[in-house]
1. Near A:K180, which lysines are there with a Cα under 28 Å away, not counting those fewer than 8 places off in the same chain?
2. Can you tell me the orientation of helix A:2-19 relative to chain A, as the angle in degrees between its alpha-carbon axis and the longest Cα principal axis, to the nearest 10?
3. Note down the relative contact order for chain A as a percent, whole number, built from C-alpha pairs under 8 angstrom at least six residues apart.
4. Chain B: longest stretch without exposed trypsin sites (Lys or Arg not before Pro) (DSSP loop, at most 14 other Cβ within 10 Å), sites themselves excluded?
5. Can you grab the distance from the C-alpha centre of the range B:354-380 to the C-alpha centre of the range C:77-94, Å, no decimals?
6. Using only the Cα atoms of chain A, each taken as one equal point scatterer with no solvent, compute I(q) by the Debye sum, divide by I(0), and report log10 of the ratio at q = 0.17 Å⁻¹.
7. Quick check: pseudo-label points 7 Å beyond the Cα along Cα→Cβ at C:L23 and A:H56, how many nm apart are they?
8. With each label point set 7 Å from Cα along the Cα-Cβ vector, what nm distance links C:V94 and C:V118?
Amino acid sequence: MRILGVAATLAALVALVAVYVVYFLEASPATVSTAVMNSDGSANLTLQVVGAYGKHPFPDWVSYLVKDTSGEWRHTTIWKLPAHTLVHVTVYQFDSQTGLRNNFLAQVRGTVGGTATYTDTGNTGKGSGLPVYNNTALSVLPPAEPAHTFTVPGIDLSVPLVGISNATENVCGVAPCSMKYAHTTIAFSFRTPGAGSYRWQCFVPCAFAFLYGFGGPMQTVGYMDGLLDVT
Amino acid sequence: MESATVSVQPRRSNASAWGGLLKTNVIWAVVLAIVGYIVAHWLGGKIAGNIAAEQNPGGTDQADIAILLGLFGSIVGWMLGLGFFNYPLKRMLGRPPSLHEGGESGAWRYFRLCTDHKVVAMQYLVATLFFFFVAGLNAMFIRTELTSHNATLFPSGNYLTLVGLHGTMMLTMMSAGVIGPLGNWLVPIMIGARRMAFPRIESLTMWLTVLAGFVLLSATLLGGFPTGWTGYAPLADQARAGIDSYLVSFLLIGISLVLVGLNIIVTVVTLRAPGMSWNRLPIFVWGMVTTSILAVLAAPVLAAALFMVMCDRSIESTFFVSSSGGSPLLWDELFWFFGHPEVYILALPGFGIVLEILPVFARKPLWGYRLAVAGMFGVALMSFMVWQHHLFMSGINANLRPFYMFTTELISIPTGVIFLNGFGTLWKAKIRFTVPMLFCTAFFFNFLIGGLSGVFLSDVTSDVVTHGSFFVMAHFHYTIMGGLVFALMGGIYYWLPKMTGFNLNQTLGKIHFWTMFVFFNLTFFPLFAAGMLGMPRRVSTYNADLHTLNVFVSIMAFCLGLSMIIFIVNLVWSMVFKRERAAENPWHSKSLEWQIPTPVPSYNFEEIPTITGDPYGYGLPEGPVVDFGRRRPAVAAGKAGA
Amino acid sequence: MSPTAAKTSGTVEPRHGRNFAILWAVATAIMVPIIIWVVGPHIPPGSMSDNTRAQHDVDVALTALAMPVLMLVWVFLAYAIKNFRADKTSEAIVDGPPIKGNARIQATWLIVSAVLVVGLAAYGTIDLFVEHGVGGGQGSNPLAKPADAKGALQIQVIGQQWMWTFRYPGYGGVETQTLELPMGRDVEFHVTSLDVVHSFWAIELGVKADAVPGADNVAFVRALRTGSFQVRCDELCGLWHGQMSTTGRVVSSAQFQSWIGATAKRYAGVTKVLPPYSLTYYPPPTRNAT
């Protein structure tokens, strides 16, 4: 009788620990292969950034999404990339401007040519005084305009992502967003380093309702932080 | 005033198991706590709906007002379910008070509000040991992550919550770790009383501690918390909802500390038996008294600081937000003003246990009793004057640093006095190395290393290298785990035969001791080097140079975990299966708690004893400490002299 | 002391006090030189800057001073375990002599430890001021400054979640993400933060100063050798706290000048949009993001 009691307690505790490890400690967004290889050996990476994820569990959190190799939009920020490869990145940016906390990050760093190309699409805020970008290559973005940045500190890559105008009405509210909503397109290229895991993050304080805008999605892998799994 | 004799009536057993289920007990507490959370959370949403909507239109996890109110509601539900409101409600309704809450016998009394201090102590023992092992398991996970020098096993955010859970749970549960089980059990008996001064409050402190542990674990459901046990604002202001669990849990512990401290001080001051003068008080009781003084004075400051963070998070105050006039240094100061006495709340009971057990196995009186008491008071007093040493690098006024360096080094004097007392007791002694004695001897070895590393940290120049690094980690693990936990283990092996009436297996105990001692030192000593070589705390990414060292430490830590499993096996085997009846005084102690029968009756003493001497009369021809008068002869405890 | 032991048992009681003292003295005499000359040179943090040299010297001194205390406890425990055991052959519980205390020993102990403590505190204080703060953050009004504080190179260290940037006010307020400093020159770090509390720890330079938002924390260093050093964050600041690190370099004066010129030129575009150099910054959002 006692043996049964002790065994049952032990089994229950082991089960609880297993739940703890699987559902809490190891809980992480999936790692996806994202690089679509080109014939010249370079790769394409397509991202989108949305102002509100729109779905459970955090519908109003900003988030990155990535297009995986099969062309589907996936909600994860852990991306597999090939090592020592030139990667052409296209970012579709659906979120409105917030501005930088440290204007140093207005500089484009670490890309090929030191610039990124910016384009507005469907941005109806034309009367708002916002400059209209049309494949414009910039090395420094005006600090009030970024909605997010894509920064990989380990390889010194940082690209500010221009936001849509705050006056725009055609705003996407649920990810993944289709191109018919107002968005900006940012294109740049960079060379991946050797194998390893490199963290990346956004540096624009856009976490709604959090202190200094840096809590919530800004501190959660799967939204505004992630890893480049370079192999 | 207690009556000198009590008529022994057979107590009615409390009906069947089903009857016990229907009365107030912990199951009701859990149910009502959940109900309380839901109701208060809903209420919070209604009250603060506008603020919440402004803050989180889409339903994020930042409904802090609702979550905090919900947690407070669960506290009310918990207390209601256990029956803590019954007495005040009864009195308000004009009903006469009963001397017992009901359910004073039978197995159910361990699962509800029981006013027998021995039952509360056993409840405390199970609860604190449970959370100790949960936090220890978290430590095993931490060491597993640290076997790789990049963050590979657990995502970074989860790792930080792991670190925070381990630290907070260990510190909060071990603050109650001695004062709860051993303090509550021993203090009334050692002073010759039948009960604590406030039995219901005693039970409340225990149940609040249990609730605090579960509230802390609820942080995993709310997204975890990134601040570690020190809860530094403004990161605490910025964190996700999991930190609300940390705040409420720590608040509960703070309240519990104040109440348990109050209870012990009042008990010792008012309920001592005739003849128990201040210089006959066992040194363990002095340890409890000094710990209680610290608890009563320091914990309210913590509660205030926690409330300030709750305000910052819920009603948008800016206590710690410097751009709006607040200051992060304010949190640092308030927290460490509590935090430093807190670590002495952890250390002093260890001193008390060791100095209490040493005379029994050295068969000599406690050497320098008055000095020991003075040392404990010195430590307690000075612990309020050193807290800025946690802030040497924080940009505090540079004038303060030499002063706090001095006071921190000064506190090593009363701490050293404890060593002198221990060594004086061992001088020319006739030592028997039983399991408790082994743990107490190891205490001196470990606490010495911990204390000496503290001197390094107190020197500002050296602190520049070691502040916030694994050196600090090794220092406090040596003092708290090497000190308090070893003493606690010694105390458990020593007093459990009396508390439960069953012996613990001594062979397993010796295996437990040796594995724990060896692997503890092998785990934590290399961490001094890791710290000096540049490894900060709370990181899962470190320099590749330190990889081998960390892998070694992790393996040693796993072995240390195995030693804990040996302890658990010993406990379960001896208490559940073997159940070998313990003798009344297996250690041949002359102390009062060993002169009463095992198992101890619920009224402790048939007749309140008259104390005739201090409990350390070894080597002297007198008998033990107490004269029970005509009722029962005192048990002779060994030959005196050579 | 009880004389019963010697008289009744007929054996001569060994002179424990003298024996123990000899053993202790010998152990100390062996360990202190080992610490100073054998272990000492290997104690971190190296000798790349004046700070680390001072820190190293203090650590060697403290370790050497700790040896007598360590030996006291270890030799005593070993001595007690060997000589003060109960007779294992007999089952009877035999008591030891009822010694309750010794006022002279207590007084000696207290006086010696007090002298030690006061001496340590004095040594620590003097060292702190002689070595201009030894790299620890001294707040906005540092007391212990290098001799030529006015001529020190000012570098502002800005911590934010989760990277370090560095501003050089003397070179147009240019901000960079890499830290380089010239060898042999006093450097005055002004450490601040934009959001939560971080801590700037330049390990091989021996500099540690908390980055507190809204506060300016000053620390000094003079690098004595060229080379690279690790910079890590030493105060838990959120998700990527452990990854908030970078590598700094100490270079010759000439190399530093050319580097800072090239950097200023490369970042001229962004320097224009930076806020003016200030000891503290309150960039928006100043509270919750909207």
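Readers should treat all values here as calculations from the given coordinates under stated rules, not as data from a laboratory. No experiment lies behind these values; they were computed from the predicted model shown. Heads up, the Cβs are rebuilt from the backbone with ideal geometry, glycines too, and the neighbour counts pull from every protein chain shown.
1. Qualifying lysines at Cα under 28 Å: A:K55, A:K67, A:K126.
2. 10
3. 25
4. On the way: sites that count: B:R11, B:R12, B:R579, B:R630, B:R631.
In short, B:13-578.
5. Comparing the Cα centres of the range B:354-380 and the range C:77-94, I get a distance of 20 Å.
6. -1.24
7. 7.0
8. 4.5
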